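Below is one structure, written out as structure tokens, with a few remarks after it.
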Amino acid sequence: MEQKKRVLIVEDEKSIVDILRFNLEKEGYAALTAYDGEAGLDQALKENPDLILLDVMLPKMNGFDVCRILREKGSSVPVIILTAREEETDKVLGLEIGADDYITKPFSMRELMARVKANIRRTAMQQSAGTEGAVQAGGGLTIDPDSYQVYKRDKPIDLTQREYELLTFLAGHPGKVYSRGDLMEQVWNYGYVGDDVRTVDVTVRRLREKIEDDPASPALILTRRGVGYYFAGQ
Ligand code: CA
């Protein structure tokens with residue numbers, strides 16, 4: 001029997017935890033729970049879940065710090081931030097520190113489950129991806145699909161899963177320009193395009209900071225003004 005995918009819920013409001021757990025279990029996931037930031041970080045490191053739903057305002061340690069520390073420790077687990085505020089700064093900050101996605105409370109359960117599914121499916125696809133050995137992507141970049149490791153002139157680069165997937169998608173179609181909506185659909189697995197295309201811009205910026213010699217003047221991931229992004233390489 002296939003093992004259930006495990007979702008860690010880090011949230012201090014018990015009523016929200018209960019409804020999340022109920023819906024996750026109904027969809028066939030196993031739910032782990034933590035009610036403060038420190039316990040959430042502990043469980044995330046110890047249990048190595050398949051996805052984390054992470055509240056921002058938490059006792060002991062806030063969600064942004066939990067996510068930042070997880071990334072610093074090299075974890076690439078998909079993280080969806082649950083933010084109570086509509087503020088753009090919150091969303092962008094979450095993405096800057098390495099979250100994969102955010103959803104604003106109060107959220108629709110259907111929407112949240114769609115995102116959980118999209119992020120977990122993405123991980124599963126990666127793990128069953130073909131193994132053709134390392135690929136030279138140009139610009140001194142090497143992508144090793146066996147280990148999901150990217151090297152820049154032989155130096156390993158830490159990418160989150162989403163950054164890795166965006167890079168391999170663009171690098172797999174060099175020169176082809178993709179709109180932010182295309183990328184949302186292809187890389188994020190979302191079948192809609194709304195205000196959230198901002199997510200794409202933040203992820204591209206973060207990726208450039210990691211792989212470009214001069215992020216302000218990129219040579220690998222280029223912008224086609226008014227259209228979208230493409231991989232130049234070489
Ligand atoms: Ca809270």
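Overview of results
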{"quantity": "Selection count, the range 7-17, where residues are of a type outside the set (Ser, Thr, Tyr) and open to solvent by 60 Å² or more (accessible area, probe 1.4 Å)", "calculated": "3"}
{"quantity": "Qualifying residue in the range 30-51 (condition: within 12 Å of the ligand (Cβ to nearest atom), surrounded by 18 or more Cβ atoms within 10 Å (Cβ to Cβ) and under 14 Å from the mean Cα position of the chain (by Cα))", "calculated": "no"}
{"quantity": "PRO59 more than 11 Å from the ligand (Cβ to nearest atom) and in contact (Cβ under 8 Å) with a residue 40 or more places away in the chain", "calculated": "no"}
{"quantity": "Residue list for the range 52-65, filter: in a loop (DSSP other than H, G, I, E, B), open to solvent by less than 40 Å² (accessible area, probe 1.4 Å) and in contact with a Ser or Thr (Cβ under 9 Å, 6 or more places away or on another chain)", "calculated": "VAL56"}
{"quantity": "Any strands (runs of 3 or more DSSP E) falling wholly within the range 113-181 and containing at least 2 residues that are modelled with pLDDT of 85 or more", "calculated": "141-144, 149-152, 155-157"}
{"quantity": "Residues located in the range 146-181, provided they are under 17 Å from the mean Cα position of the chain (by Cα), more than 21 Å from ASP50 (Cβ to Cβ) and open to solvent by 40 Å² or more (accessible area, probe 1.4 Å)", "calculated": "ARG180"}
{"quantity": "Residues that are more than 16 Å from VAL79 (Cα to Cα) and within 16 Å of the ligand (Cβ to nearest atom), drawn from the range 1-16", "calculated": "ASP12, GLU13, LYS14, SER15, ILE16"}
{"quantity": "Residue in the range 68-75 that is open to solvent by less than 10 Å² (accessible area, probe 1.4 Å) and either within 16 Å of the ligand (Cβ to nearest atom) or at pLDDT 95 or above (or both) present", "calculated": "no"}
{"quantity": "In the range 17-29, the residues that are under 22 Å from MET61 (Cβ atoms), of a type outside the set (D, E, K, R) and away from the ligand (no atom under 14 Å from the Cβ)", "calculated": "none"}
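The values are calculated or read from the model by the stated rules, or taken from the named source; none is laboratory data. Everything numeric in this text was worked out from a predicted model, so none of it was measured. Glycine also receives a Cβ, built like all others from the backbone with ideal geometry; neighbour counts cover every protein chain displayed. Heavy atoms of the whole protein, side chains included, go into the accessibility calculation; ligands, DNA and RNA do not. Shrake-Rupley method; radii C 1.70, N 1.55, O 1.52, S 1.80 Å.
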